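Following: one structure in structure tokens, then a few remarks.
Computed from the coordinates by the stated procedures, all read-outs in this text should not be read as laboratory data. Please read these numbers as outputs of a predicted model, since none were measured by experiment. So basically every Cβ, Gly included, is an ideal-geometry build from the backbone, and we count neighbours across all protein chains shown.
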Amino acid sequence: MRRRHVMPFGATLDAASGAGVFRLWAPAAGKVSLELTHDGHRRSHPMRAEAGGWFGTTVPKAAAGARYTFRIDGRISVPDPASRSNPDDVHGASALTDPLAFQWSDTEWLGRPWEEAVVYELHVGTFTPEGTFNAVIERLDYLVPLGVTAVELMPVADFPGRRGWGYDGVLPFAPDAGYGTPEDLKNLVEAAHARGLMILLDVVYNHFGPDGNYLGEYAPQFFDPGLHTPWGAAINFGGEGSRAVRDFFIHNALYWLEEFHFDGLRLDAVHAILDDSEPDFVTELAAAVRDGPGRNRHVHLILENDKNQAHYLSRGRQLRPVGADAQWNDDFHHALHVLVTGERDGYYEDYADAPIERLGRCLAEGFAYQGEPSRHRGGKPRGEPSTDLSPAAFVDFLQDHDQIGNRALGERIGALVPAHALRLAVMCMLLAPQVPMLFMGEEFAASSPFLYFCDFQPPLSNAITEGRRREFASFARFRDEKARAAIPDPNAESTFTASKLRWEEVAAPGHRDWHTLYSDLLELRRTRIVPHLRGSRHAGRFAVHGTGLAVDWTLPDGARLALRANFSPAAWTAPKAAGKVLYPRGAAADQVQPWGVLWTLEADD
């Protein structure tokens with residue numbers, strides 16, 4: 001099988017005729033020409049002006065691998081914003097590709113139901129020593145027996161420099177050449193499917209990075225100067241000219257799902273997509289996915305959304321998602337983080353007053369904040385009611401790239417809390433009905449930090465380094481200038497290499513037992529809990545007993561699952577739960593050890 005997503009912009013190669021079709025939306029340009037280089041010969045081709053600010057041309061003879069740029073008004077040459085490949089980084093020429101040259105063999109793959117998801121977030125550049133798509137393939141056989149069912153890649157769209165998190169991408173259709181070719185990424189997707197793994201991609205539709213974005217030179221309508229995000233002017237999703245902008249990103253989503261056969265997308269920070277039109281961009285994108293690739297296979301959309309907007313997660317007939325499948329549940333992370341670390345700075349202040357209660361509400365009802373005022377946000381209401389949503393609408397995690405990497409020293413939670421507290425947190429998360437997510441290496445208590453790193457050039461690099469250190473000046477630990485100077489420089493290569501996983505730790509003392517814990521719990525989840533989750537609604541209730549938490553769920557087939565968690569150094573005689581003890585094996589039905597859990601299940605199986 002061969003796959004290509006058809007787009008109204010960018011470059012398309014007709015392999016049969018050898019013609020190349022090139023289109024660019026440049027409403028602020030007077031004239032545009034195509035500069036095409038092949039076999040060492042460079043030719044300029046005038047592009048005809050079309051209605052609505054479009055320019056296009058057809059070159060009768062073109063070939064895969066040919067390099068091209070667009071010349072704007074004779075003053076600047078820019079890469080294709082819809083480039084499928086940019087081998088020489090974001091300022092270099094784009095490369096013409098032939099997606100139909102790749103022969104797919106995963107024709108029988110239809111994906112997996114979301115209720116089966118155990119997500120493993122990874123950064124391609126630091127997951128392996130090589131830091132490539134091909135090297136990730138070599139580790140997939142490690143993830144399967146661990147119990148992972150879905151790999152989630154942090155953004156791979158072309159970003160400036162040789163290293164970065166990916167959230168500063170400027171060419172959303174081009175896999176970063178530092179990780180490999182588009183064909184290498186397709187090989188990774190196919191290899192995941194061959195092992196029964198879903199593979200998801202993190203995409204960024206709320207901003208472009210600060211280096212290498214040329215859209216303002218010829219399409220300033222891409223941005224709304226009247227709306228601002230933390231990264232500058234907002235992308236124009238609702239103003240004049242926004243149709244072309246919306247189509248650009250909707251086609252990007254469909255491109256990854258169709259041409260690369262990804263099983264889903266994680267949409268970064270949709271709360272920073274400023275759009276009050278009807279339907280708004282997120283709703284329109286979800287509809288395009290459901291009516292497109294989602295009609296014939298399992299395709300999943302996951303949101304990051306600080307606003308806790310439950311309406312994006314609504315279900316329709318047979319409890320199938322109308323919009324997104326799920327949202328990363330920051331509330332769960334923050335409440336549990338406060339409980340085991342005692343930290344109360346920043347957004348953690350919203351959970352410090354009643355962390356056990358807020359954790360219980362997350363487990364039983366979805367969000368901790370469902371319209372209540374947020375102290376961290378100046379008393380403004382946050383969230384929408386979530387009690388009628390499926391537990392699968394929430395992705396729960398103890399660690400992710402933000403919660404580690406946004407710390408000054410990139411410490412993982414294992415470096416912040418004693419082992420007994422971390423074990424309790426892990427045991428609460430992995431058997432709950434919500435979808436669990438791991439951040440690479442957490443399953444073996446990786447000692448490597450995950451630091452913020454990038455590869456910008458001066459003066460931008462200097463500004464980022466200084467800004468990063470200034471950001472932590474309000475923290476007591478970094479009020480001293482010398483302490484701030486010890487914060488790793490994001491632009492230093494050593495910061496990047498320090499963040500790479502040390503795979504030899506998996507079998508080492510102090511790490512092996514954590515791996516065993518994760519794999520044992522995930523096997524228990526797969527065999528005893530997942531079979532009861534299909535179509536589940538949030539039929540949960542919780543109660544706080546001092547430092548103890550009791551949560552009870554009724555699952556869709558009538559099975560009853562219960563958690564008793566003891567956040568105390570003393571044993572707890574907990575309210576007795578229905579069913580037989582699921583974990584830990586051999587425990588009494590109402591006795592919870594210090595910093596321990598008790599899981600029970602009443603079911604017919």
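Summarising the amide proton neighbourhood of ASN491: residues at separation of 5 or more, or on other chains, whose placed amide H is nearer than 5 Å comprise CYS454. Near GLN327, the amide H atoms lying under 5 Å from its own belong to LEU303, PHE394, VAL395; only residues 5 or more places off or on other chains count, and H is placed 1.01 Å from N. Per residue, the chain reaches -6500 deg cm²/dmol at 222 nm when only DSSP H runs of four or more residues are counted, each adding -39500 (n - 2.57).
So how tilted is helix 355-365 from the main axis of the chain? Cα-based, degrees 0 to 90, rounded to 10. Value to nearest ten degrees: 70.
According to the square roots a ≥ b ≥ c of the eigenvalues of the Cα gyration tensor, what is the shape class of region 100-139, taking rounded for a/c under 1.5, prolate for a/b larger than b/c otherwise, and oblate for the remainder? Verdict is oblate for region 100-139. Rounded if a/c is under 1.5, else prolate if a/b is larger than b/c, else oblate: which is region 222-265, with a ≥ b ≥ c the root eigenvalues of its Cα gyration tensor? In terms of gyration-tensor shape, oblate. Other residues lying with their Cβ under 12 Å from the Cβ of PRO355 contribute a combined charge of -3, Lys and Arg counting +1, Asp and Glu -1. Backbone N atoms of region 309-349 closer than 20 Å to the 7 Å Cα→Cβ label point of THR547 belong to residues 335-344. Each eigenvalue of the Cα gyration tensor of region 412-478, multiplied by 5 and square-rooted, gives one semi-axis; in descending order these are 33, 16, 11 Å. By the gyration tensor of its Cα atoms, with a ≥ b ≥ c the square roots of the eigenvalues, what is the shape of region 10-101: rounded for a/c under 1.5, prolate for a/b over b/c, or oblate? The shape class here is prolate. A straight Cα-to-Cα reach below 27 Å connects LYS307 with the lysines LYS380, residues fewer than 8 places away in its own chain not being considered. Looking at region 276-422, the DSSP beta bridges with both ends there are about 50 percent antiparallel.
What the Cβ-Cβ distance of TRP503 and ASP73 gives, at R0 = 51 Å and to the nearest 0.05, is a FRET efficiency of 0.50.
When DSSP beta bridges are restricted to pairs lying wholly in the chain, around 70% turn out antiparallel. Only aspartates and glutamates eight or more places from LYS576 in sequence, or on another chain, were considered; those with a Cα closer than 14 Å are ASP552, ASP590, GLU602. Rounded to whole numbers, the Karplus 3J(HN,Hα) couplings from phi for region 2-11 are 10, 10, 8, 8, 7, 10, x, 9, x, 10 Hz, using 6.51 cos²θ - 1.76 cosθ + 1.60 with θ = phi - 60°, and x at Gly and Pro. By the rule of a C-alpha distance below 21 Å, with chain neighbours fewer than 8 residues away ignored, no lysines are paired with LYS61. The angle separating the long axis of helix 133-146 from the principal Cα axis of greatest extent in the chain is about 20 degrees.
Converting the Cα gyration tensor eigenvalues of region 536-602 into ellipsoid dimensions via √(5λ) gives semi-axes, longest first, of 21, 14, 8 Å. The angle separating the long axis of helix 182-194 from the principal Cα axis of greatest extent in the chain is about 30 degrees. The stretch between ALA354 and ALA64, if pulled fully straight at 0.36 nm per residue, gains 98.4 nm over its current Cα-Cα span. Over all other residues within a Cβ to Cβ distance under 12 Å of LEU153, the charged ones net out to -4, with Lys and Arg as +1 and Asp and Glu as -1. Spin-label model, TRP104/ARG470: points 7 Å from Cα along the beta carbon direction are separated by 4.7 nm. Counting only GluC sites (Glu not before Pro) that DSSP places in a loop and that have at most 12 other Cβ atoms within 10 Å, the longest clean stretch of the chain runs over 241-605.
Going through [x] 1.16; [y] 0.95; [z] 0.99, the figure that equals Cα Rg over 2.2 N^0.38 Å as computed for the structure here is [z]. The local environment of ALA288, defined by Cβ-Cβ distances under 14 Å, has a net charge of -1 under the rule Lys, Arg +1 and Asp, Glu -1. Looking at region 1-126, the DSSP beta bridges with both ends there are about 100 percent antiparallel.
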